[in-house]
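Reading through the C-alpha cells given below for one structure.
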Amino acid sequence: MDAAEFRRRGKEMVDYVADYLENIEKRQVYPDVEPGYLRSLIPEEAPEEAESYEDVVKDIERVIMPGVTHWHSPYFYAYFPTAHSFPAMLADMLCGAIGCIGFSWAASPACTELETVMLDWLGKMLKLPEDFLAGTEGRGGGVIQGTASEATLMALLAARSKIVKLIQADHPERSETDIISKLVAYSSDQAHSSVERAGLIGGVRMKKMPTDSKFSVRGAALQKVLEEDRAAGLIPFFPIHSSNQLQIFFFICKIFWKYSFNFNPHKWLLVNFDCSAMWVKKRSDIIGAFKMEPLYLKHDHQESGIVTDYRHWQIPLGRRFRSLKMWFVFRMYGLKGLQAYIRKHVGLAKEFESLVRADQRFEISADVVLGLVCFRLKGSNELNETLLKRINRARKIHLVPCQLAGKFVLRFAMCARTTESRHVQEAWSHISHLASELLQELPH
Ligand SMILES: *Cc1c(COP(=O)(O)O)cnc(C)c1O
C-alpha cells in the first residue's frame, strides 16, 4: 500500500467506522458464536502471496463482527464503561503514524513532555494534592500506565523496594528475602481482583480486610489487625484502597493515597483504552526502585533534573504516544464537556434506580453513587441467577453479576457514550418482562 492508496482506504475506513458506530444499536449486543468459531473461517496459515485490501476488508463482516461483543452499544450494561470518543480515535491514528517508542526523553521529547503536562492537567481537574503534580521541577508527577493492574503492581513493587532499603539501613544484617517474607499488604475484601493479583505477582502476602454494611473498611478494624501483625513480627507496608467506598471520589479509582494515586481515564473519561493515569508524590521512590542504565539508553540530558525518562516508571521499556488521546479529548470536550458527560451517566443510573425501586419485586443492593446500579429480585440467589441467564440469553441487553455479602446481584453499569434515557427505559421494561415470566413459572 502506498500513500495514495492509504489516503483512499483511510477515508473508506473512517466511513466504515462512522457507519458502524451510527448503527451500532441495530447489532445484537452479545454474539451468538461458540468457542473456536473463528478458526474455521480463516486459513490455517498466513498467506504466501500478498492479498489485496479488498480481500481483507470484506472479511471484517464475515469473520470479525459475528464474534464481537459490542461494548459501545447503548444496550451494553456489563462490566464497566470503557472510554470511547471520536477525538480519541483520531489521536490514536496520529499516534500510530508517529509510531515512536518514548522510553526516554531523548527517544521522542514530545511524547514525554506532553504526557507529563497532560497528567498535570488531569491532576488539577481531579484537584489532587499539589505534590502529585510535576510542575516544572516537581518531585512528584504522573505517568500513563497501560492498565490499573500495572499501576498497582508498580506501586507495590516500589513500596516493597523502599521498605527493604529502609529496614536494611537500620538492620544491615537482615536479608532482603527475610524482610520480604514478613511484609503484609492490606486491601478491602471488596477490592478489585487486580489488587490481590499484584500481591501474588509481587510475592508479598495480602490481607483482605472485612467491610461494614456500606462495604467500607473501618479504621478501628484495620488498626487492630495492624497491631496484631506487628506484634507477630510481621511488617505492614502497603494499604490499597479500591473501588466501592471510593466511588464517591471517582468511579474506578485506586488509591495508595499517601504516596501514589491511580485511576483509569480509559474507563469513564472518553480516552480510548489504554490509558491508566498514575501519580506519585516522590518520583525518586519509583525511579530509584528498578533503575537500569545500559549505555545504549543513555542520553545527554538525563542528568538535567527537569528531564523525565518514563522507562523507569513502568515495567515495559517501550511505550506509545498515548497522551495525544488525552490532549485531543481534553481540548475538544473541555472540563465542562467531561463533567456533563459524567453527570449524564450518573443521571441515567439514578433513573434506572428509581425504576427498580418502584417495583416491589426488586431491591437495590448497594447505594447508587455514580454510574452503577446493583439490584436483584427479592428472593433466592438461584432465582436471580436464572433471571440473569434469561436476560443474557435473550441477547437484547448484556449484564454481568457480582456477589455482595453472599448475595447474587445483577449489575447495571452505565457504559456506552451514546446511551440515552430511552435505552434505559427499554432495558428496564425488558428486564421487568423477563422477571414476570420467571415469577409466573414458580409454584405459588
Ligand atoms: C477495571 C478496574 C481494574 C482493572 O483495570 P485494568 O486497567 O484493566 O487493569 C482495577 N481496579 C478497579 C477498581 C477497576 O474498576
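The values are calculated or read from the model by the stated rules, or taken from the named source; none is laboratory data. Just so it is clear, the model here is predicted, and its values are computed rather than measured. Here Cβ is always computed from backbone atoms with ideal geometry, including for glycine, and neighbour counts include all displayed protein chains.
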Filter the range 192-226 down to residues that are within 19 Å of ASP178 (Cα to Cα) and within 16 Å of the ligand (Cβ to nearest atom) and give me whichever is surrounded by the fewest Cβ atoms within 10 Å (Cβ to Cβ). LEU200
Would you pick out the residues in the range 70-85 that are out of contact with any His (no Cβ under 6 Å at 6 or more places or on another chain) and over 19 Å from SER276 (Cα atoms)? HIS70, SER73, TYR75, TYR77
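For the range 322-336, does any single residue satisfy the condition of being outside any helix (DSSP H, G or I) and either touching a Lys or Arg at 6+ places or on another chain (Cβ under 8 Å) or not charged (D, E, K, R) (or both)?
First pass over the range 322-336, keeping only residues outside any helix (DSSP H, G or I): 322.
Keeping just the survivors that are either touching a Lys or Arg at 6+ places or on another chain (Cβ under 8 Å) or not charged (D, E, K, R) (or both) gives none.
There is no residue in the range 322-336 that is outside any helix (DSSP H, G or I) and either touching a Lys or Arg at 6+ places or on another chain (Cβ under 8 Å) or not charged (D, E, K, R) (or both).
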First in the range 4-28 and at pLDDT 95 or above, second anywhere and surrounded by 10 or more Cβ atoms within 10 Å (Cβ to Cβ) and not in a loop (DSSP other than H, G, I, E, B), Cβ under 6 Å, 6 or more apart: ARG9/TYR53
Restricting to the range 276-309, what's the tally of residues that are in a loop (DSSP other than H, G, I, E, B), loosely packed, with under 15 Cβ neighbours inside 10 Å and in contact (Cβ under 8 Å) with a residue 40 or more places away in the chain? 5
Scope the range 387-444; condition surrounded by 16 or more Cβ atoms within 10 Å (Cβ to Cβ) and of a type in the set (Val, Ile, Thr); matching residues: ILE391, ILE397, VAL409, THR419, VAL424, ILE431
All positions within the range 212-247 that are more than 19 Å from SER276 (Cα to Cα), among the β-branched types (Val, Ile, Thr) and modelled with pLDDT under 85: VAL217
A careful count of residues in the range 350-393 that are closer than 15 Å to VAL409 by Cα, in contact (Cβ under 8 Å) with a residue 12 or more places away in the chain and either β-branched (Val, Ile, Thr) or in a loop (DSSP other than H, G, I, E, B) (or both) gives 10
Flagged pairs (Cβ under 7 angstrom, 6 or more apart or on separate chains; first in the range 30-47, within 25 Å of ARG390 (Cβ to Cβ); second surrounded by 10 or more Cβ atoms within 10 Å (Cβ to Cβ) and among the small types (Gly, Ala, Ser)) are PRO31/GLY67; VAL33/GLY67; TYR37/GLY67
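For the range 147-191, which residues satisfy the criterion of being polar (S, T, N, Q) and more than 16 Å from the ligand (Cβ to nearest atom)?
Of the residues in the range 147-191, the ones polar (S, T, N, Q) are 147, 149, 152, 161, 168, 175, 177, 181, 187-188, 190.
Once the filter is applied, which keeps residues that are polar (S, T, N, Q) and more than 16 Å from the ligand (Cβ to nearest atom), the range 147-191 yields SER161, GLN168, SER175, THR177, SER181.
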What is the number of the single condition among (1) of a type in the set (A, V, I, L, M, F, W, C); (2) at pLDDT 95 or above; (3) more than 28 Å from the chain's Cα centre (by Cα) that LEU442 does not meet? (2)
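Of the residues that make up the range 125-138, is at least one within 16 Å of the ligand (Cβ to nearest atom), under 20 Å from the mean Cα position of the chain (by Cα), closer than 16 Å to LYS282 by Cβ and at pLDDT 90 or above?
So the first thing to find is which residues in the range 125-138 are within 16 Å of the ligand (Cβ to nearest atom), and the list is 126.
Cutting the leftovers down to under 20 Å from the mean Cα position of the chain (by Cα) gives us 126.
Checking which are closer than 16 Å to LYS282 by Cβ leaves us with none.
Within the range 125-138 (the criterion being within 16 Å of the ligand (Cβ to nearest atom), under 20 Å from the mean Cα position of the chain (by Cα), closer than 16 Å to LYS282 by Cβ and at pLDDT 90 or above), the answer is no, since none of the residues qualifies.
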Can you find, within the range 38-61, the residue that is nearest to ALA4 (Cα to Cα) among those that are outside any helix (DSSP H, G or I) and of a type in the set (Gly, Ala, Ser)? SER52
